[in-house]
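A.B. asks: There's a structure below that I have some questions on.
The values are calculated or read from the model by the stated rules, or taken from the named source; none is laboratory data. All figures in this text were calculated on a predicted structure; none of them were measured in a lab. Every residue, glycine as well, gets a Cβ built from its backbone with ideal geometry; the counts of neighbours run over all protein chains shown.
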Amino acid sequence: MKKILVIGAHPDDCDIYAGGCAALWSDRGDQVSFISMTNGNAGHHREAPDKLEKRRREEAKRAAGVLKVSYEILGHDDGCLVPSLENRLDLIRRVRKSAPDLILTHRPNDYHPDHRYTSTLVQDAAYMVTVPLVCPEVPHLENNPVIAYLFDEFTRPAPFRADVAVDIDSVAERKWRALDCHESQFYEWLAYNMRPGTENVPTEAGERLLWLQNTWGEILERPAESCRQRLVETYGSAHGAGVTFAEAFELSEFGGQPGKEELSALFPGQAPGAD
Ligand SMILES: [Zn+2]
């Protein structure tokens, strides 16, 4: 049994970038914990922050039920996360208590300050989790957990490198249902802020899920397209070429460095010796 800790900035990031793997992990008996560093209380155009936070906590709880993970939402206000010493020490304690084999988080160069500082905080906590005299009240870890970054399309200072790509087609339906739980985001805020306007969002639940798949399908297909070479190397040419939805990860230099065998034990579908 592996322990996987996914640390996102907002109460939907873990689901978007690792929801498929989370379903695969929980199905094979691994323990998956999602943490949202912020409470998501700025992710709306008309909802009051306190009411929005309450909604988002409930949405995350529902999504956690779909993916069979635990979901913890910390109290930092959305848009206001800073890489302070206090926040670093808090994260060191949390990581030690959960003692994960693998941590997933955003890459450090990302458009959103909360994503950037979530990544900074994880990187600042890495290694320090093994130092006994830092936060001595919580026992330190013997080993630095493996850290991998979630997929993105930013290119400066370096484009995403797919060290691992996982075929999530078998659980894509569950990932869609998890995203569907985040009503305040996909059907309200993101429709307003990013695409394609709120006026065309259906009100009926089944229609809305179809609308979500039509509207966000192209975005969720990008990791597979972008990381096709890694998928082919992992699954073989026929299988790898046919994957529609994938999740991909870049190993961080600041976490433990896994060998091939450990990597294949950590991530689903990574049989050692696949062509
Ligand atoms: Zn986010």
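A.B. asks: From the list Glu72, Glu47, Glu58, pick out the single residue that is closer than 19 Å to Pro100 by Cβ and either away from the ligand (no atom under 16 Å from the Cβ) or touching a residue at least 24 places away in the same chain (Cβ under 8 Å) (or both).
C.D. replies: Values: Glu47 fails: closer than 19 Å to Pro100 by Cβ; Glu58 fails: closer than 19 Å to Pro100 by Cβ.
Selected residue: Glu72, the only one of Glu72, Glu47, Glu58 that is closer than 19 Å to Pro100 by Cβ and either away from the ligand (no atom under 16 Å from the Cβ) or touching a residue at least 24 places away in the same chain (Cβ under 8 Å) (or both).
A.B. asks: Return the only residue of Asp163, Asp124, Asp152 being surrounded by 18 or more Cβ atoms within 10 Å (Cβ to Cβ), closer than 30 Å to Ser237 by Cα and at pLDDT 95 or above. I'd like the intermediate steps shown before the answer.
C.D. replies: Numbers: Asp163 fails: surrounded by 18 or more Cβ atoms within 10 Å (Cβ to Cβ); Asp124 fails: closer than 30 Å to Ser237 by Cα.
Going through Asp163, Asp124, Asp152 in turn, the sole match is Asp152.
A.B. asks: Quick check on Asp90: is it out of contact with any Asp or Glu (no Cβ under 8 Å at 6 or more places or on another chain), within 30 Å of Leu263 (Cβ to Cβ) and without any contact (Cβ under 8 Å) to a residue 40 or more places away in the chain?
C.D. replies: Values: out of contact with any Asp or Glu (no Cβ under 8 Å at 6 or more places or on another chain): yes; within 30 Å of Leu263 (Cβ to Cβ): yes; without any contact (Cβ under 8 Å) to a residue 40 or more places away in the chain: yes.
In short, yes.
A.B. asks: OK, next. Return yes or no: is Glu53 within 16 Å of the ligand (Cβ to nearest atom), over 17 Å from Leu179 (Cβ atoms) and either buried (at least 19 other Cβ atoms within 10 Å of the Cβ) or touching a residue at least 40 places away in the same chain (Cβ under 8 Å) (or both)?
C.D. replies: Values: within 16 Å of the ligand (Cβ to nearest atom): yes; over 17 Å from Leu179 (Cβ atoms): yes; either buried (at least 19 other Cβ atoms within 10 Å of the Cβ) or touching a residue at least 40 places away in the same chain (Cβ under 8 Å) (or both): yes.
Considered against the rule, which asks whether it is within 16 Å of the ligand (Cβ to nearest atom), over 17 Å from Leu179 (Cβ atoms) and either buried (at least 19 other Cβ atoms within 10 Å of the Cβ) or touching a residue at least 40 places away in the same chain (Cβ under 8 Å) (or both), Glu53 comes out as yes.
A.B. asks: Would you tally the residues in region 150-182 being hydroxyl-bearing (Ser, Thr, Tyr) and under 21 Å from Trp216 (Cβ atoms)?
C.D. replies: 1
A.B. asks: May I ask you to say which residue of Asp101, Asp78, Asp110, Asp50 is among the charged types (D, E, K, R) and within 22 Å of Gly256 (Cα to Cα)?
C.D. replies: Values: Asp78 fails: within 22 Å of Gly256 (Cα to Cα); Asp110 fails: within 22 Å of Gly256 (Cα to Cα); Asp50 fails: within 22 Å of Gly256 (Cα to Cα).
Only one candidate qualifies: Asp101.
A.B. asks: Just to check your reading of the model, which residue among Ser36, Ser26 is of a type in the set (Gly, Ala, Ser), within 16 Å of the ligand (Cβ to nearest atom) and free of Cβ contacts under 8 Å to residues at least 60 places away in the same chain?
C.D. replies: Ser36
Let's see how each residue does on (1) closer than 28 Å to Arg96 by Cβ; (2) not in a loop (DSSP other than H, G, I, E, B):
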| position | (1), (2) |
| --- | --- |
| Gly240 | no, yes |
| Glu247 | yes, yes |
| Glu250 | yes, yes |
| Phe254 | yes, no |
| Gln257 | yes, no |
| Glu261 | yes, yes |
| Ser264 | yes, yes |
| Gly269 | no, no |
